[in-house]
Every structure is written in structure tokens, then in C-alpha cells.
1. Using only the Cα atoms of the stretch 113-212, what are the Rg and Dmax in Å?
2. With only alpha-carbon atoms counted, please give the Rg and Dmax of the chain, in Å.
3. Grab the Cα-Cα distance for Asp220 and Asp89, subtract it from 0.36 nm times how many residues apart they are, and report the gain in nm with one decimal.
4. Using only Cα atoms, find the angle between the long axis of helix 45-60 and the longest principal axis of the chain, and express it within 0 to 90 degrees, rounded to the nearest 10.
5. Taking 0.36 nm per residue of separation and subtracting the Cα-Cα distance, what length does fully extending Arg27 through Glu199 add?
6. Rounded to the nearest 0.05, what FRET efficiency is calculated for Lys56 and Val125 with R0 set to 22 Å and r the Cβ-Cβ distance?
7. How high is the FRET efficiency from Ala239 to Ala10, r the C-beta distance, R0 30 Å, rounded to 0.05?
8. Given the Cα-Cα distance of Arg213 and Asp44 and 0.36 nm per residue of separation, how much length would full extension add, in nm?
Amino acid sequence: MSAALIDGRAAADALRRQLAIHADFFRASTGRPAGLATVLVGEDPASAVYVRSKIKATEEAGMHGVHRPLPADTSEAELLALVVELNRDPGIDGILVQLPLPAQIDAARVIDSIDPGKDVDGFHVVNSGRLAIGDPTALVPCTPLGCLHLLKEQLGSLSGAEAVVIGRSNIVGKPMAALLLGESCTVTIAHSRTRDLAEVCRRADILVAAVGRPEMVRGDWIKPGATVIDVGINRVPGAEPGKSRIVGDVAFAEAREMAGAITPVPGGVGPMTIAMLLRNTLVAAHRRAGLALPKGL
Ligand code: GUN
């Protein structure tokens, strides 16, 4: 059997078209566009590419994107002062400080300083706490939110499913597990110390791999017919010398023979992350403006 491909690019494009309609409505209702500010400290080329694509997507959706680059030797106090300024700016609904930050800056302190109502990454403890208690006003991290969207599109109700999440990061694993629990799945969080990881994975109807290890999840770890979501983005040496290619945390060709549906890498979860950032920005904007959330947002 060859699994169905879950097309994250198509799902993200469809979502972004919907969000553009909501963004127009927001602008018409309030007389201003929803606004997202991105902050990048230093010149890491990969981070610069990510941030550029976030601002471009924001503008394409009819929202206002502001990029605030800072030099690599910026002090923590200087970055905190910028966050305070953005917290106070009435035209800014979402603040994203691109991670990782240089060594002289404590990322936890910076995340803590962001107004939770503008925390469109969903990294602030207020938002992770709200997610943990099932409060629907939580702003939820974009990657797990994107995974959940793909799962619901593929499967409809997730209620009663056995879900295994590999990875326990605050950015993906933990919020993913909380979201699946919220959908009434039976959830296991596995990680690098899990004994008999393959056996744990074999019971999953839904398997989410977010470990950052290239092709770690093998075909024979997958229950026949399972839905597999691969969050990994790993650069590995390519077939030709000097070339590289991107692979996920799942050995795709093997897994495709076992799974019922699977996300490819690239083109699976990746495009959903930016779409969910736009969604979180619009949600934050509606809340800040005292507007009810439109259906489907
Ligand atoms: N660095 C890599 N991915 C992300 C993300 O989703 N948010 C932030 N703030 N930094 C990142």
C-alpha cells in the first residue's frame, strides 16, 4: 500500500486565501490593517530567510508587516526596550522575536517580556498555561497548530485515537500533545530516553515526529494505515559531492509503504507554520480590537 500524501502547500494556500478575506474585513471594520512586527538579532542567513518570508506572507494577506533588524551585538536591555516599544504600539497586534538569539541574550526573559495578547508565537508562559488548561483564548505555537489543521482535514474527528508525539520541546512536542488531548486523543509523549521507542510508535493511529534526527522513524515503526506527520527539517549530504538535501525525521519511502497518509518533507508541515502565524496575528488583532472572531478563524 502507498499512503496518501498530505499536501501542506495546498492546505496552506487555501488557508492563506481565507485569511486574506478576514484581513480585509478587519481593515474595513477598524480602519487599519492587522500588524505583525518581526525582530531579528544578527545576520544568520537561515533566520533572515525565514523572517523575510514571514513579512512577505503578512503583506500578501493584506496585513501590515514591520521588520525590526538589530545588530548581532545588541544587548538584552536594548532588545527588551524594543519589545516594550512594540507592546505599546497600537498598530502592532503580533510580535515575533526570531530564535535562536545570540548568547548574550536570555531568550526566556525576552519571551516573558512580550505582551501575551501579542505573543503570536504562543511561547509566553501565559499562553502555554492557557493551552494546558484548555482555555480557547490561548495563542498556540504555529507549527503544532498547523499539524492539527492537517490532521483534522485528513481524518475529521480525532476523538479516541491513539496519538504518539516524538519530541518534548516547548515549541512543538508539548503543545502538540496538549492540542491532541484537547481533541480527545489518548496521547503519549515519547523522546530520546523512551525505552522501546519503536514499540511505542507502533501503537499510534496518529504519529507526530518532531525530534530533529534525520530519518529516525523507520517504516516498521508505523502501524499499518496510521497518519504520519513529519515535523523534521534536516539538511543531509546529497547524492553529489558538495550538494545537500532536506529530509524529515521519518524515513519517507519506507513509511509511505505502511502509513495510510503521510506529510512529505518539504511541502508538508513547513508551509502551514507561516499560515498559522498569519492566523494568530489576525486572532490577536480581533481580540485587541474587541471584535468577535469570524467563523473559521
Ligand atoms: N525560529 C525557528 N522557528 C521559529 C518560530 O516559529 N518562531 C520564532 N520566534 N523563532 C523561530
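1. Taking only Cα atoms of the stretch 113-212, I get Rg and Dmax of 13.6, 42 Å.
2. Just the Cα atoms of the chain yield Rg and Dmax of 19.3, 57 Å.
3. Details: separation 131, 0.36 × 131 = 47.16 nm, distance 5.23 nm.
This chain segment gains 41.9 nm when fully extended.
4. Value to nearest ten degrees: 70.
5. On the way: separation 172, 0.36 × 172 = 61.92 nm, distance 5.12 nm.
56.8 nm is the gain from fully extending Arg27 to Glu199.
6. Details: r = 30 Å, r/R0 = 1.38.
After rounding to 0.05, the efficiency reads 0.15.
7. Working: r = 28 Å, r/R0 = 0.93.
That pair, Ala239 with Ala10, gives E of 0.60.
8. Working: separation 169, 0.36 × 169 = 60.84 nm, distance 2.17 nm.
Answer, rounded to one decimal: 58.7 nm.
The values are calculated or read from the model by the stated rules, or taken from the named source; none is laboratory data. Since the structure is predicted, the reported quantities are computational estimates derived from the model, not experimental observations. No Cβ is skipped: glycine too gets one built from the backbone with ideal geometry, and neighbour counts run over all protein chains shown. The accessibility values were calculated without ligands, DNA or RNA, using every heavy atom of the protein model including side chains. Shrake-Rupley method; radii C 1.70, N 1.55, O 1.52, S 1.80 Å.
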